[in-house]
Structures are given as structure tokens and as C-alpha cells.
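Below: the structure, in C-alpha cells.
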Number of protein chains: 2
Amino acid sequence: MVKGARGSQRREEVLSRDRIVEVSIELLDQSGEGGLTFRVLSERLATGPGAIYWHVCNKGELLTAACDAMVARTMEECTVGIAPKITIRSLALGMFDAIDSHPWVGSVLASPEGQLPMVRILERLGQAVRALGVSDDAQWAVVGALLSYILGVGGQNAAHGQLARKRGLDRTEFLETVATMWSGLDPDEYPFTRSVAGRLRDHDDRADFLAGIDLILRGIDSPRGLAYP
Amino acid sequence: MVKGARGSQRREEVLSRDRIVEVSIELLDQSGEGGLTFRVLSERLATGPGAIYWHVCNKGELLTAACDAMVARTMEECTVGIAPKITIRSLALGMFDAIDSHPWVGSVLASPEGQLPMVRILERLGQAVRALGVSDDAQWAVVGALLSYILGVGGQNAAHGQLARKRGLDRTEFLETVATMWSGLDPDEYPFTRSVAGRLRDHDDRADFLAGIDLILRGIDSPRGLAYP
DNA sequence: ACCTGAACACCGTTCAAGT
DNA sequence: ACCTGAACACCGTTCAAGT
């Protein structure tokens, strides 16, 4: 009897919701959204599919919980600096990177299931914007703009990354491919896309993203509607 | 023999890729992303699943084609007005409404498969921004900001709509529900979210969206870095 | 060239039965 | 209370066979 040996056959830990979510995240990270399956999940947990349903209602709840855990972790890691602007930049970049390395987080956040984890981001962002001295009336608009910008650009960037990975290319190789494809489009129908193909080749997603955040932040500073009514 | 009668049993039209995409769009609109199935699709087309695979490689291609058709239609409908700004607003609002009434378009655009239909939007937006007289250097950044904003807010809005529908509520009822949930959050942990709960109740997604677009457009006008270096 | 439809490997979910 | 694992209804995809 080798019971107690570090075998993966017999579960030593008792099954718990947290443990299930933890392994779910591992699976999602390893093999994407298609990689999370009740069958391989229960295999890794050395149990049957039914056991998971004792702790979790359905797959949607599992995805939401995984996303929520990921977001909570990211929010924590983005230490609340002294200057609110630094906090905002850190939060934005933190989410950008989180979505980049865990693309499934982006999809869940964009889906109806993602509304709960979203509140975490809303809150942290909101506190920082408020600390910035933005008027009560403008806070909602500013936070909304930041949130949609972060999720929009983050998601788009992650989509690029996934496509690149699927074709076995790294970032620069992939941008190169897309750029040449754009250059090959019909000059009459796609003049603009052709003209920016070169710019695509040597741009930096992360830097562009931060530039956008700074643009929004700079917009907060300016005496709105005074200089340009 | 009732052959030729308007029965749905025997197909009269010959099967074609366009016809398949057309029916796919109907299914997606009727019952969401889960509603598109090779089984019900082949049923509606009065054929077998294998027949569809003659015209289409896989489900991903089907989704891309459906999304592309939808985007192309939207781009056409947003008539190119005389003033570029009017065109931009019309394009933005057109995509917002398209994603709102066809949420699956948003998901496909946000996924790796959506990169092809995306070029259509990029091009139209780009031509308008160029017509606005934006310098070559700034065009890429401006179009990128507009694109991510449109997709970000549009997707978020569609997610809200889907959640509302799933709970059998209309827009105002749903916002009411979310607002009261936000009000019930822990005052210590969620001060900001609680404080904006009221604002959520009586806000207008479409108006807020347009306001954001106008903000970006106004930003183009201002002599950048001159008044506020 | 185009279509048919049975078959395959898989999926989320359920549930009687065990401890 | 918590777990087991067979069973159910479904899914995307394939493919020999027909016309």
C-alpha cells in the first residue's frame, strides 16, 4: 500500500470551491478557453464530474469565479501609490498585461458573466479618479471612458496575440504578416488601411495603450470647455 | 405529388455559401451564439450537416462570414455624409446599434476571428479621419482610439442588454436592479461604486456613447500640446 | 461537383446510488 | 454532507457512398 505517496491518483486535499477555481485557472492558462472541461477538470482533481457540481452550479459560474479571482489578484498587485495618476496608470497597465497573458479574462469580462468582476475594476478606478479631484458630476464619465478604453484595447491586443500564437508566430512576425496583408489590399477600396500598414509594423501595443491612458488623464486636467467652448 | 408547393421539406434553392451565411445570421439573431448549430442550420436548409462543410471549412469561418456581412451592411448604411465628422458619428452610432441588436457581432469582433471584418471599420473610419485633415502622424492614433472606444463601449452595452434579457427585464428595470445591488455593497470596500449607483439609474447608454465620441473628436480639433504642453 | 446521413469523439449536465 | 460514475442529450466534424 503506497497510500500517502505523492501520487496523483488519490486526492489528498478535500475538494473545495477554491481548489476547483484554482485548477480551472491553470487549465484556462494552459490551453485557452477550450481547455476548461468538466472532464479534464475532474481528472486533475482526481474525482468525477458530478463532484464539481456539488460546489459549483455550472460552467458559467466557474468562468466568472476564475475571472473574478484573476481580477482581484491584479487589483491587489497594483499597489495604491501616493499619486492617484500613478495608481490609475498602474491599474490600467495591470489589466492590460493580465488580459494579454490570460486572454480568457478579456472574453469573460466582455460577456454578460463578467459584470460582477467588473465592479472590482470600477471601484479601484473610481477611487483613484475621485482622489484626483474630479468633480462628482464628471467622475462617472471619466471612469466609464477609462474602463471601456482599457477593456477595448486590452481585448483587441489579446485577440492579436491569440491569432499570432495560433499561427506559431511571435509578436513582430505577426505584425509583419498583417502589415504585408494590408499592403496587398485593393488600393481603391482600402487606401487608408494600406497607408497605415507601415505604421503597424513598428508600433508598440503597450506604449500606444499607455499613451491613450495619458491622453484621457491629460483631458481631465484641462479646464474643460473653457479654452474651447 | 405536391412538389413545388411552398413546403419547407424540399429545398428549391440550390445550396450556396451566401445562403448558408444568411440563414446563420437569422439563427444567431433569433437565439444568440448558442443558437447557431450545424444541426439546426442544416435542418433549416433542408439538408445534412455534411453539405454545409462543402461550402464552409468550419464553424469559425461561418461566424467570421456572418460578422463580416453584418459589418459590411452597417458600413454601407452609414451613408458618407459631406462633413467627415458627421460620417464618423454615423459610423460609430451604426456599429453601436448593430452590436446592440446583434450581440454576437461584438463577440466575433473581439475574438481572433474578428480581425478580418475589423479592417472594414478601420478603413471607413480612417478615410473620414483623414478627410478631417488630421496629420499623417496622428491618424493612426486617432483611428485606434475611436475603434477601441466603439468596440469597448459597444460590447459592454451589449453585455448589459444580454444580461437584462436573460433575466426577462427591460433596460430601465435592469439598470434599476443593478443600481440597487450597487447600493447594497459594503460601504468600506465599495464607496465609489455606491456613490455612482444613482447615476447609473437614469443614464442613457446611447447618449453617453455619443458624448464620448464627441469628446475624442473635440480632442482632434484642439491645438495639441500648445495650450497645455 | 455537389450532396447525403450515419458515425465518431467529445461536450455540459443529471441523478440514483454510495459513504 | 459530500462524492461517484454511468447515462443523457447534445455538439462539431468526418467520410464512404451516392447523384
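Annotation: of all residues in the range A:29-53 being within 14 Å of chain B (Cβ to nearest Cβ) and surrounded by fewer than 16 Cβ atoms within 10 Å (Cβ to Cβ), the one that is farthest from DNA strand C (Cβ to nearest atom) is A:33. Contact map, the range A:112-135: residues that are farther than 18 Å from residue B:188 by Cβ paired with residues that are among the acidic types (Asp, Glu) and modelled with pLDDT of 95 or more, Cβ distance under 7 Å, separation 6+ or inter-chain. Pairs shown: A:116/A:68; A:117/A:68.
If you go through the range B:45-103 one residue at a time, how many are among the aromatic types (Phe, Trp, Tyr) and more than 13 Å from DNA strand D (Cβ to nearest atom)? Matching residues across the range B:45-103 total 1.
Put simply, of B:26, B:76 the only residue that is away from DNA strand C (no atom under 14 Å from the Cβ), within 14 Å of chain A (Cβ to nearest Cβ) and not aliphatic (A, V, I, L, M) is B:76.
Report the residue count in the range A:166-181 for those that are closer than 21 Å to residue B:60 by Cα and away from chain B (no Cβ under 12 Å).
Within the range A:166-181, the subset closer than 21 Å to residue B:60 by Cα is A:166-169, A:174, A:177-178, A:181.
Subset that is away from chain B (no Cβ under 12 Å): A:168-169.
Of the residues in the range A:166-181, 2 are closer than 21 Å to residue B:60 by Cα and away from chain B (no Cβ under 12 Å).
One residue alone among B:179, B:138 is over 30 Å from residue A:208 (Cα atoms), among the small types (Gly, Ala, Ser) and part of a helix (DSSP H, G or I), and that residue is B:179.
For the range A:100-108, indicate whether the set of residues that are surrounded by fewer than 22 Cβ atoms within 10 Å (Cβ to Cβ) and more than 14 Å from every other protein chain (Cβ to nearest Cβ) is non-empty. Checked against the condition, which is being surrounded by fewer than 22 Cβ atoms within 10 Å (Cβ to Cβ) and more than 14 Å from every other protein chain (Cβ to nearest Cβ), the range A:100-108 yields at least one hit. State all residues of the range A:182-206 that are within 11 Å of another protein chain (Cβ to nearest Cβ) and in a helix (DSSP H, G or I); if no residue qualifies, say none. Listed by number, the residues that qualify are A:182, A:191, A:192, A:193, A:194, A:195, A:197, A:198, A:199, A:200, A:205.
Quick check on this structure: which one of B:62, B:125 is surrounded by 18 or more Cβ atoms within 10 Å (Cβ to Cβ), aliphatic (A, V, I, L, M) and within 21 Å of residue B:157 (Cβ to Cβ)? That would be B:125, the only listed residue that is surrounded by 18 or more Cβ atoms within 10 Å (Cβ to Cβ), aliphatic (A, V, I, L, M) and within 21 Å of residue B:157 (Cβ to Cβ).
Does the range A:182-200 contain at least one residue that is under 23 Å from residue A:81 (Cα atoms) and free of Cβ contacts under 8 Å to residues at least 24 places away in the same chain?
First, pick out the residues of the range A:182-200 that are under 23 Å from residue A:81 (Cα atoms): none.
No, the range A:182-200 contains no residue that is under 23 Å from residue A:81 (Cα atoms) and free of Cβ contacts under 8 Å to residues at least 24 places away in the same chain.
Any residue in the range A:220-229 that is within 30 Å of residue B:188 (Cα to Cα) and touching a residue at least 24 places away in the same chain (Cβ under 8 Å)?
Within the range A:220-229, the first condition is being within 30 Å of residue B:188 (Cα to Cα), and the residues that meet it are A:220-221.
If we keep only those that are touching a residue at least 24 places away in the same chain (Cβ under 8 Å) too, we end up with A:220.
Yes, because at least one residue in the range A:220-229 is within 30 Å of residue B:188 (Cα to Cα) and touching a residue at least 24 places away in the same chain (Cβ under 8 Å).
The values are calculated or read from the model by the stated rules, or taken from the named source; none is laboratory data. Given the structure is predicted, the values throughout are model-derived calculations rather than measurements. Methodologically, a virtual Cβ is constructed for each residue, glycine included, from the backbone with ideal geometry; neighbour enumeration extends over all protein chains shown.
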